[in-house]
1. According to a simple spin-label model (label point 7 Å from Cα along Cα-to-Cβ), what is the distance in nm between Ser194 and Ser308?
2. Quickly estimate the mean residue ellipticity at 222 nm for the chain, helices only: each DSSP H run with n ≥ 4 gives -39500 (n - 2.57), and the total goes over all residues, rounded to 500.
3. Which FRET efficiency value, to the nearest 0.05, do you get for Lys450 and Arg235 by plugging their Cβ-Cβ distance into 1/(1 + (r/R0)^6) with R0 = 25 Å?
4. So for Thr419, Thr27, fewest C-beta neighbours within 10 Å to most, what's the order?
5. Taking trypsin sites (Lys or Arg not before Pro) as exposed when DSSP calls them loop (any state but H, G, I, E, B) and at most 14 other Cβ atoms lie within 10 Å, what is the longest stretch of the chain free of them, the sites themselves excluded?
6. Take the alpha carbon atoms of the stretch 95-113, find their center, do the same for the stretch 1-71, and report the distance between the two centers in whole angstrom.
7. What dipole magnitude, in Debye to the nearest 20, does the chain give about its Cα centre under +1 on Lys/Arg Cβ and -1 on Asp/Glu Cβ?
8. Note the full-extension length gain between Asp407 and Glu338 as 0.36 nm times their separation in residues minus their Cα-Cα distance, in nm to one decimal.
Amino acid sequence: MKGIVIAGTHSGCGKTTVTLGLLAALTARGISVQSFKAGPDFIDAGIHRLATGRQSINLDLWMCGEEGVHNSFCRYARMGEISVIEGVMGLFDGDQGTSSLACMLRLPVILVVDAYGMAESAGALVQGYSAWASSSGIMLAGVIFNRVGSERHFERLNNAVQDVEVLGYLPRDADIEMPSRHLGLTTAEEMPMSRIQVESLAEKIEEHVSIGRILDLSDAGDEDTCERFVSRPGRIALTMRIAIARDVAFSFYYDENLDLLRDAGAEIVFFSPLGDSELPPDINAVYLGGGYPELYAGQLSANIAILSAIRAWVAAGRPVYAECGGLMYLSRGIRDFEGRFFEMAGIFPFETAMQRRRSHLGYREIRLKESCILGRAGAILRGHEFHYSNIPSGQDMKESGVETIYDAVDAQGRPQECTGYRIGQVLASYVHVHFASNQRSARHFINFIKENTWSGQS
């Protein structure tokens, strides 16, 4: 099974740009590529779709465990001729980061080095990474330099590296840099790069990087990587129809979550809280993911028709599950960075307010204090929390009938304030849960909907 890992020396070195270019170049050659993103970041995974036109899958050892990640990789890797995994942070950052994933999957690693402001010193840097990789059991197969100023600059970099094969470079070019904002890169739904820019990036990879060698190196992985792959049972016949919010304001989903729901019997249909005037017909539940509702708060607030439809759905006692941006949408309203207030669905009695500084970032393990759409009381799931908004203090939950049903800790086991807010059959939280962290969660999700719905509802 062909596969490579694109790692970086640090966050911001250009590994997403190199990965996107490589994905686009391979796709342009007619090669079927399955991409993956190490860690919890679904923005980078979404950007992969710009190049391949297909879903990219997150591989996160902390959230899903070694067996879960292994089975996810093998399930999706079989859909392509070659797998390309984009790493997270720097190669050796984190106890269960890129290096751990490369070791577990026994795949060769290509290191992306930001060459801006550097020449011969690159040799020392790469030598250090090579030595540490060797001692860690990692196959450091090659180096790609990013932001190279000229052919002469590349020649100096290339001559300085002695221990690892140099596979090429990307020139310094503002046209191929992707814009970012407070939660990371601009999302794929907002088209941070035009089709012409993606094609230009692929051409630069073709011109300056040895794709043939990368394909050769991708054969260096262990042939037994998927020997112990546990195939999931076939999909259950469709029983429940779930409406999922998806547009430029709501795009943060783990694609594997949606596949796990499909496996459990869900038919997935999408709708836009920005542009639609009503919910899709014949649905049984609504799922509101994360995203950037704060950037589109005015438009969301002005779409009174869909807000009324959401309110009516909840008033009828129908199931809703919301994460982060979805929680903000279900709140009384969003107060943006300038302090302007925009009314939202008002399902929960509190408002959410944007902060100039990040409010929370990190892994979360939640234990359900009561049964809900995610599982039975006592069930444990894992996910990730990353947001700049918060719920201002002084807003009384109990008097408004809001229950808090999560106990949460971070990756080090320290208690966290994040919780699951429940009112009626609506559950919302700032935590993005990965359903693969608990094998029963997707099936329970569907069963909960069955128990709290009736067929033919429109």
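The numbers here are math on the coordinates, done by the rules we state, and not lab data. All of these numbers come straight from a predicted model, not from anything done at the bench. Ideal geometry is used to build each Cβ from the backbone, glycine not excepted, and the neighbour counts take in all protein chains shown.
1. If labels sit at Ser308 and Ser194, their model points lie 4.0 nm apart.
2. Estimated from H runs of four or more residues: -9500 deg cm²/dmol.
3. 0.95
4. Thr27, Thr419
5. 79-227
6. 12
7. That gives the chain a dipole magnitude of about 960 debye.
8. Gain on stretching Asp407 to Glu338: 21.6 nm.
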